[in-house]
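Read through the structure below, which is laid out as structure tokens, and then see the notes.
Quick note: the coordinates plus some simple rules give every number you see, no bench work behind them. If you're wondering where the values come from, they're calculated on a predicted model, not measured in any experiment. Neighbour counts run over all protein chains shown; Cβ positions are idealised from the backbone, glycine included.
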Amino acid sequence: MIEKATIKDVSELYVLINSAYRGETSKKGWTTEANILGGIRIDENELIAIIKQPNASIFKFTENHKILSCVLLDIQKSKLYLGMLCVNPELQNSGIGKKMLDFAVDYALENDLPKIVMSVISERLELISWYNRNGFFDNGTRELFPESHTADIISGEKLEFIILEKSIVKNRKPSI
């Protein structure tokens, strides 16, 4: 089931997101950032702030009352920003990530938004390829990776984001 996360989900989201992106647990999946970034991906206060934003929502995929995946969807003028799409590392390659991506497309359609944009660290080639296979393209925009109080760049080099974009087809049938 996919539904909007609430403040009561923050602790479980914190564990899921950080275990999917960083640390040894993240290495069980293929979407890890552990080889380029140390520290944590997000803290509980940042999650609470996102949940409280009027145009942003974190959606969770649950089975047996356990959060297995989540995605941040943020309505920004005429586009939907997609972030923090993650799946429990032990369940990656099971189709849950694709379900969450399809949910994001349906959400964009429901909100009459013509495109979805996202930022991906340029070194994450396998992840960029996955998004390309799912209809996202590099729109040519680059942004510097921000300094963070929670993350350490392991390589010591400046990182950058590639901005990926997907146009939304209005006559698409909802997948969920």
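Report, in debye and to the nearest 20, how large the dipole of the chain comes out about its Cα centre when Lys and Arg carry +1 and Asp and Glu carry -1 on their Cβ. Kindly include the intermediate steps, with their values, before the conclusion.
On the way: 22 positive and 24 negative charges, 129 e Å.
In debye, rounded to 20, the chain gives about 620.
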Which FRET efficiency, nearest 0.05, do ALA56 and VAL169 yield, Cβ-Cβ r, R0 30 Å?
0.80
Given the C-alpha atoms of the stretch 2-167, compute the convex hull and give its volume per residue in Å³.
112 Å³
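Note the full-extension length gain between VAL15 and ASN93 as 0.36 nm times their separation in residues minus their Cα-Cα distance, in nm to one decimal.
26.1 nm
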Under a crude label model (7 Å from the Cα following the beta-carbon direction), how far is ASN45 from ASP112 in nanometres?
3.9 nm
Which distance in Å, rounded to a whole number, links the C-alpha centroids of the stretch 119-134 and the stretch 40-75?
21 Å
Once Lys and Arg get +1 and Asp and Glu get -1 on their Cβ, which of THR62, ILE163, ASN139 lies farthest toward the positive end of the dipole of the stretch 2-167?
THR62
Sites SER78 and LYS27, calculated FRET efficiency, Cβ-Cβ separation with R0 41 Å, nearest 0.05
0.60
Not counting the cut sites, what is the longest span of the chain without trypsin sites (Lys or Arg not before Pro) that DSSP labels loop and that have at most 14 other Cβ atoms within 10 Å?
78-157
With a 10 Å cut-off between alpha carbons and a GNM built on the chain, which of PRO114, PRO89, PRO146 moves the most?
PRO146
Out of the chymotrypsin sites (Phe, Trp or Tyr not before Pro) in the stretch 1-73, which ones are loop residues according to DSSP with at most 13 other C-beta atoms within 10 Å?
TRP30
Subtracting the Cα-Cα distance of ASN134 and LYS8 from 0.36 nm times their residue separation yields 42.2 nm
Report ³J(HN,Hα) in whole Hz for each residue of the stretch 41-48, in order, from the Karplus equation J = 6.51 cos²θ - 1.76 cosθ + 1.60 where θ = phi - 60°; Gly and Pro get x.
7, 7, 9, 5, 5, 5, 5, 4
Ranked on Cβ counts within 10 Å of their own Cβ, fewest leading, PHE137, PHE161 go PHE137, PHE161
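So which of LYS4/LYS170; LYS4/LYS115; LYS60/LYS158; LYS60/LYS115; LYS8/LYS158 end up more than 28 Å apart by C-alpha?
Exceeds cut-off: LYS60/LYS158; LYS8/LYS158.
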Footprinting proxy, SER19, SER57, SER94: sorted fewest to most Cβ within 10 Å, the residues are SER94, SER57, SER19
Among TYR14, LEU80, LEU47, which residue has its Cα positioned farthest towards the positive end of the charge dipole of the chain, with +1 placed on the Cβ of Lys and Arg, -1 on the Cβ of Asp and Glu, and the dipole taken about the Cα centre?
LEU80
Please list, ordered by chain and number, the residues whose modelled amide H lies under 5 Å from the amide H of GLU160; skip anything fewer than 5 residues away on the same chain.
SER122, GLU123, PHE145
